[in-house]
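The values are calculated or read from the model by the stated rules, or taken from the named source; none is laboratory data. In this text the structure is predicted, and so the values were computed from the model without any measurement. Note: ideal-geometry Cβ built from the backbone for every residue, glycine included; neighbour counts use all protein chains shown.
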Amino acid sequence: MARLIGIDIGTTSTIGILVESGGAVLATASRPVDLRSPHPGWAEEDPEQWWNNTVAILRDMLAASPGPVAAIGVTGMVPAVVLRGGAGALLRPSIQQSDGRTSVEVEEIRAEVDEAAFIARTGNGVNQQLVAPKLRWLRRHEPDVFARIATIRGSYDDIAWRLCGAASLERNWALEAGFLDLAADGIADDLVALGGVSRDLLPPLRAPHEVIGGVTAEVASLTGLALGTPVVAGCADHVASAFVAGVTAPGDLLIKFGGAGDVLLATRSPSPDPRLFLDFHLVPGLFLPNGCMATSGAVLNWVAREWGGGLSHAQLDALAAGVTPGAEGLLMLPYFLGEKTPLHDPHARGTLIGLGLHHGMAHVWRAALEAVCFGFRHHLEVLHELGHGATRVIASDGGAGSLVWMQIAADVLGLPIQLLQGHPGSCLGAAYVAGVGVGAFEDWNAIGRFVTPAGRVEPDPAAVARYDAIHPLWRESYERLKPLFPKLAAVT
């Protein structure tokens, strides 16, 4: 049996897993990550913290389960932007995929291109997820940094480079960055030029399971890994998570209840649409049209920290369980960092609507739980418009452990929610990809040996009917407030 390692460079933590190819999890470890927002809408992290976490995690896992490692893979946030100068010097904190500072630059690019043609060509719309607007922002606001850029890459690409010294870009980073021409299946010079840079600042494209190099002597000394241990290019965290959860056939839908909220549907066709993102599935021939809400669990963390009076999430869930669906007329818009899909509105803000003196903490907490699920339903409506239906809904990440939240999700969506047992997250996907890269797995069909289904949450018909009536009002709330948000930002 081959021993394989996966590292997940996540928004709130770095997580590692050491597995045996037969299906056993041998060790796990994690370290927290600091997400910084020094200005409204900004989202930045320190790649040095990611690397220090990675080294510590590798040490911990190899101490807990000594032995040779066949390969290592890295997954992470996409398309986070890491900029390095000469000799690999880090130029500034990463600009995260949830960053919302580039509204001006997005509009500039939108005015310069035929957006319909851009979407058809790249699979993604002109929005703040793209890397070109971020590069334009840097050229305008941090020209000294922009002038020293020698390499541009993503979160997991950067850690893979630190491990083996070989620079690469995984295909989904290039796709979500807006630099990949779908028909040509390669990076296009003119798309890169929209960011004011040249193609030579981007490393070569690699498939997720492609071995790009071996662990260096320095890293071997730091971590305990053997010199030359194969390192694969890695993969996007949400793609890895969907694969591990069992999204392997058309119609399989994953909802991730993490710090952000992801919705991913396996399809046979790409169906580019400006409201959504598009990724390649790990399984050849499949695509993953998907969406990402900028905040999901992060909203709950904020409510608990600022208003919860020291109560845990479980205690707040117990209070919310006693409140009727709809939180007695209280609605929340969960746009605390603006919103990514399907709105692509950096000006949107978190909002409570309908507050009365009869409302208490239980109502606010339930409104927050419902708000995230309303956002997921909005995505399903968009996918339905594109001709894609969900035949199976799977829930994952930390929030899936809340049965109160899962019941709300089943009721808001009107669909059963399949829970999972033993889903360690995207890090397992990275380990599996590494295994494919070195032949430890013959194909993509053995992932089921690691994760098994748990219970299934069925929708309650009465609650479904109530949410069917409330959801259009929730959608209308944003549309009515949409013109107000940028005016509020302008005067403050």
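Between residues in region 93-108 that are closer than 15 Å to Val78 by Cα and residues that are assigned to a helix (DSSP H, G or I) and charged (D, E, K, R), which pairs lie under 6 Å by C-beta distance while being six or more apart or on different chains?
Going by the 6 Å Cβ cut-off, the qualifying pairs are Ile95/Lys134.
Can you tell me which of (1) over 20 Å from Pro38 (Cβ atoms); (2) in contact (Cβ under 8 Å) with a residue 24 or more places away in the chain is the one Arg140 doesn't meet?
The number of the failed condition is (1).
Being surrounded by fewer than 24 Cβ atoms within 10 Å (Cβ to Cβ), out of contact with any strand residue (DSSP E or B) (no Cβ under 8 Å at 6 or more places or on another chain) and in contact (Cβ under 8 Å) with a residue 60 or more places away in the chain is the filter here, so list the residues in region 236-257 that pass it.
Thr248
Return only the number of the condition from (1) of a type in the set (Gly, Ala, Ser); (2) more than 29 Å from Phe277 (Cα to Cα); (3) in contact with a Phe, Trp or Tyr (Cβ under 8 Å, 6 or more places away or on another chain) that Ala29 does not satisfy.
The single condition Ala29 does not satisfy is (3).
Give the residues of region 183-196 that are modelled with pLDDT under 95 and of a type in the set (A, V, I, L, M), sorted by residue number.
Scanning region 183-196 gives Ala183, Ala184.
If I filter region 148-163 down to residues being part of a helix (DSSP H, G or I) and of a type outside the set (Lys, Arg), which single residue comes out as surrounded by the fewest Cβ atoms within 10 Å (Cβ to Cβ)?
In the first step, residues of region 148-163 are kept if they are part of a helix (DSSP H, G or I); the result is 155-163.
So of that shortlist, the ones also of a type outside the set (Lys, Arg) come out as 155-161, 163.
On the way: Ser155: 30, Tyr156: 33, Asp157: 30, Asp158: 26, Ile159: 26, Ala160: 30, Trp161: 22, Leu163: 28.
Within region 148-163, the match that is surrounded by the fewest Cβ atoms within 10 Å (Cβ to Cβ) is Trp161.
Just checking, which of Ala327, Ala314, Ala320, Ala266 is touching a strand residue (DSSP E or B) at 6+ places or on another chain (Cβ under 6 Å) and touching a residue at least 24 places away in the same chain (Cβ under 8 Å)?
Details: Ala327 fails: touching a strand residue (DSSP E or B) at 6+ places or on another chain (Cβ under 6 Å); Ala314 fails: touching a strand residue (DSSP E or B) at 6+ places or on another chain (Cβ under 6 Å); Ala320 fails: touching a strand residue (DSSP E or B) at 6+ places or on another chain (Cβ under 6 Å).
Answer to the selection: Ala266.
Test Tyr478 against the stated conditions and say whether it is under 25 Å from Gly10 (Cα atoms), among the aromatic types (Phe, Trp, Tyr) and touching a strand residue (DSSP E or B) at 6+ places or on another chain (Cβ under 9 Å). Let's see the steps before the verdict.
Details: under 25 Å from Gly10 (Cα atoms): no; among the aromatic types (Phe, Trp, Tyr): yes; touching a strand residue (DSSP E or B) at 6+ places or on another chain (Cβ under 9 Å): yes.
Taking the combined requirement at face value, the residue does not satisfy it.
Can you name the residue in region 433-492 that is β-branched (Val, Ile, Thr) and modelled with pLDDT under 95 and is also farthest from Thr75 (Cα to Cα) among such residues?
Step one: list which residues in region 433-492 are β-branched (Val, Ile, Thr), which gives 433, 436, 438, 447, 451-452, 457, 464, 470, 491-492.
Right, trim to modelled with pLDDT under 95 and you get 447, 451-452, 491-492.
On the way: Ile447: 16, Val451: 18, Thr452: 22, Val491: 40, Thr492: 38 Å.
Ranking the candidates gives Val491 first.
Among the residues of region 55-90, what is the count of those that are basic (Lys, Arg) and either over 25 Å from the mean Cα position of the chain (by Cα) or closer than 13 Å to Gly234 by Cβ (or both)? Reasoning before the result, please.
We begin by selecting, within region 55-90, every residue basic (Lys, Arg); these are 59, 84.
Checking the rest, the ones that are also either over 25 Å from the mean Cα position of the chain (by Cα) or closer than 13 Å to Gly234 by Cβ (or both) come to 59.
The qualifying residues number 1.
Name the residues in region 189-228 that are closer than 26 Å to Asp273 by Cβ and either aromatic (Phe, Trp, Tyr) or surrounded by fewer than 17 Cβ atoms within 10 Å (Cβ to Cβ) (or both), would you? Write out each step before concluding.
Filtering region 189-228 for residues closer than 26 Å to Asp273 by Cβ gives 189-195, 202, 205, 207-208.
Of everything in region 189-228, those that are closer than 26 Å to Asp273 by Cβ and either aromatic (Phe, Trp, Tyr) or surrounded by fewer than 17 Cβ atoms within 10 Å (Cβ to Cβ) (or both) turn out to be Asp189, Asp190, Ala193.
Quick test for you: out of Gly224, Gly213, pick the one residue that is modelled with pLDDT of 95 or more, within 23 Å of Tyr432 (Cα to Cα) and touching a Phe, Trp or Tyr at 6+ places or on another chain (Cβ under 9 Å).
Working: Gly224 fails: touching a Phe, Trp or Tyr at 6+ places or on another chain (Cβ under 9 Å).
Step by step, each of Gly224, Gly213 is checked, and only Gly213 is modelled with pLDDT of 95 or more, within 23 Å of Tyr432 (Cα to Cα) and touching a Phe, Trp or Tyr at 6+ places or on another chain (Cβ under 9 Å).
Consider Asn127 carefully, then state whether it is at negative phi and touching a His at 6+ places or on another chain (Cβ under 7 Å). Give the steps one after another, and end with the answer.
Numbers: at negative phi: yes; touching a His at 6+ places or on another chain (Cβ under 7 Å): yes.
In short, yes.
Looking at Ala166, is it farther than 28 Å from Pro38 by Cα, modelled with pLDDT of 95 or more and not in a helix (DSSP H, G or I)? Lay out the reasoning, then the answer.
Numbers: farther than 28 Å from Pro38 by Cα: yes; modelled with pLDDT of 95 or more: yes; not in a helix (DSSP H, G or I): yes.
The answer is yes for Ala166.
Could you list all residues from region 1-26 that are under 13 Å from Gly76 (Cα atoms) and assigned to a loop (DSSP other than H, G, I, E, B)?
Answer for region 1-26, where residues must be under 13 Å from Gly76 (Cα atoms) and assigned to a loop (DSSP other than H, G, I, E, B): Gly10, Thr11, Thr12.
Which residues, counting only those in region 389-400, are touching a helix residue (DSSP H, G or I) at 6+ places or on another chain (Cβ under 9 Å) and either closer than 21 Å to Thr248 by Cα or free of Cβ contacts under 8 Å to residues at least 60 places away in the same chain (or both)? I'd like the intermediate steps shown before the answer.
First, the residues of region 389-400 that are touching a helix residue (DSSP H, G or I) at 6+ places or on another chain (Cβ under 9 Å): 389-390, 393-400.
Within region 389-400, Gly389, Ala390, Val393, Ile394, Ala395, Ser396, Asp397, Ala400 meet the criteria.
Any idea which residue in region 8-19 is modelled with the lowest pLDDT, counting only those that are surrounded by 19 or more Cβ atoms within 10 Å (Cβ to Cβ) and not hydrophobic (A, V, I, L, M, F, W, C)? Don't jump to the end; show me each part of the working.
First, pick out the residues of region 8-19 that are surrounded by 19 or more Cβ atoms within 10 Å (Cβ to Cβ): 8-11, 14-19.
If we keep only those that are not hydrophobic (A, V, I, L, M, F, W, C) as well, we get 8, 10-11, 14, 16.
Working: Asp8: 97, Gly10: 91, Thr11: 86, Thr14: 97, Gly16: 98.
Taking the candidates together, the pick is Thr11.
For region 370-410: of the residues being of a type in the set (Val, Ile, Thr) and modelled with pLDDT of 95 or more, which is nearest to Ile15 (Cα to Cα)? Before you say what the answer is, go through the steps one by one.
Narrowing region 370-410 to residues of a type in the set (Val, Ile, Thr): 372, 382, 391, 393-394, 404, 408.
Going one step further and asking which of them are modelled with pLDDT of 95 or more, we end up with 372, 382, 393-394, 404, 408.
Values: Val372: 24, Val382: 32, Val393: 25, Ile394: 22, Val404: 26, Ile408: 28 Å.
Result: Ile394.
Return the pair list, or none, for Cβ contacts closer than 7 Å from residues in region 473-492 that are within 14 Å of Tyr335 (Cβ to Cβ) to residues that are of a type in the set (Lys, Arg), at least 6 apart or on different chains.
Phe485/Arg349
Take the conditions within 30 Å of Glu20 (Cα to Cα) and not hydrophobic (A, V, I, L, M, F, W, C) and apply them to Pro79. Does it pass? Talk me through it step by step, then tell me what you get.
Numbers: within 30 Å of Glu20 (Cα to Cα): yes; not hydrophobic (A, V, I, L, M, F, W, C): yes.
It is true that Pro79 is within 30 Å of Glu20 (Cα to Cα) and not hydrophobic (A, V, I, L, M, F, W, C).
Does region 169-190 hold any residues that are part of a strand (DSSP E or B), in contact (Cβ under 8 Å) with a residue 60 or more places away in the chain and out of contact with any Gly (no Cβ under 9 Å at 6 or more places or on another chain), and which are they?
Asp181
Just checking, which of Val131, Val145, Val126 is surrounded by fewer than 21 Cβ atoms within 10 Å (Cβ to Cβ) and either under 24 Å from Leu282 (Cα atoms) or touching a residue at least 40 places away in the same chain (Cβ under 8 Å) (or both)?
Working: Val131 fails: surrounded by fewer than 21 Cβ atoms within 10 Å (Cβ to Cβ); Val126 fails: surrounded by fewer than 21 Cβ atoms within 10 Å (Cβ to Cβ).
Checking each option against the conditions leaves just Val145.
Scan Asp411, Asp397 and give me the residue that is closer than 24 Å to Ala27 by Cα, surrounded by 21 or more Cβ atoms within 10 Å (Cβ to Cβ) and not aromatic (Phe, Trp, Tyr). Steps first, answer last, please.
Numbers: Asp411 fails: closer than 24 Å to Ala27 by Cα.
None of the others qualify; the one that does is Asp397.
Give the residues of region 195-216 that are in contact with a Leu (Cβ under 8 Å, 6 or more places away or on another chain) and farther than 26 Å from Ala240 by Cβ, sorted by residue number.
Hits for region 195-216 are Gly195, Gly196, Val197.
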